[in-house]
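Colleague: Take a look at this one; I'll ask things after.
Laboratory data are not the source of any read-out in this text; all were calculated from the coordinates shown. From a predicted model like this one, the values you see are computed outputs, not experimental measurements. We place every Cβ from the backbone using ideal geometry, glycine too, and count neighbours over all the protein chains shown.
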Amino acid sequence: MKEQKLYEFVDRKLEKLAMLLSIEEGLLGLYQLFENINHLSFLTIADKYSIIYDLLIEVLWQELAILEEFTDPQLTTKVKDVDLIDISLILDNPRSWNVTLDLPTRSI
């Protein structure tokens, strides 16, 4: 019998809706998406990242949101919209999620 992972018990539709509402309200960086899922205390950080990653890829490919790149963490100067072909490269890099590093800030 296949062992189920704890994150398989998460209501993905509900979490996707929460993500879309959070995007609508505005985020200061990708890491803020973790705030939506932190109430699921039974999940590990890796599980939470996996859920957010999967849902974010889905939302971006369905063009329900746009990943944008800014020069600063305050999101005052937009550089560009990130192309869909570059999304995985950015999301696979943990440094892309952190707004405190000296890199372009990405948000949706």
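Colleague: Give a quick list of GluC sites (Glu not before Pro) in the stretch 53-86 that DSSP marks as loop, anything other than H, G, I, E or B, with at most 10 other Cβ atoms within 10 Å.
Modeller: Details: sites: E58, E63, E68, E69; in loops: E63.
In loop regions of the stretch 53-86 (DSSP not H, G, I, E or B), the sparsely surrounded GluC sites (Glu not before Pro) are E63.
Colleague: Using only Cα atoms, find the angle between the long axis of helix 45-61 and the longest principal axis of the chain, and express it within 0 to 90 degrees, rounded to the nearest 10.
Modeller: The angle comes out at about 60 degrees.
Colleague: Consider all pairwise Cα distances in the stretch 6-107 and report the whole-number % of them above 25 Å.
Modeller: Details: 758 of 5151 pairs.
Above the 25 Å cut-off, the stretch 6-107 has 15 percent of its Cα pairs.
Colleague: Between E35 and I87, what is the label-to-label distance in nm when each label sits 7 Å out along the Cα-to-Cβ direction?
Modeller: The two pseudo-label positions are separated by 2.3 nm.
Colleague: Relative contact order of the chain, please, whole-number percent, based on alpha carbon pairs below 8 angstrom and at least 6 residues apart. Each step should come with its number before you reach the end.
Modeller: On the way: 118 pairs, mean separation 32.9, N = 108.
Over the chain, the number comes to 30 percent.
Colleague: May I pose another question? Please identify every one of the chymotrypsin sites (Phe, Trp or Tyr not before Pro) in the stretch 4-90 that sits in a loop by DSSP and has no more than 14 other beta carbons within 10 Å of its own beta carbon.
Modeller: Working: sites: Y7, F9, Y31, F34, F42, Y49, Y53, W61, F70; in loops: F42.
The qualifying sites are F42.
Colleague: Quick one: helix 12-25 against the long Cα principal axis of the chain, what's the angle to the nearest 10°, folded into 0 to 90?
Modeller: Roughly 20 degrees, rounded to the nearest 10.
Colleague: While we're looking at this one, here's another question. I want to check the label-to-label distance for R95 and Q62. Put each point 7 Å from Cα in the C-beta direction and report it in nm to one decimal.
Modeller: 3.2 nm
Colleague: Counting pairs on different chains as well as pairs 8 or more places apart, how many Lys pairs in the stretch 6-107 have Cα atoms under 27 Å apart?
Modeller: The number of close lysine pairs in the stretch 6-107 is 4.
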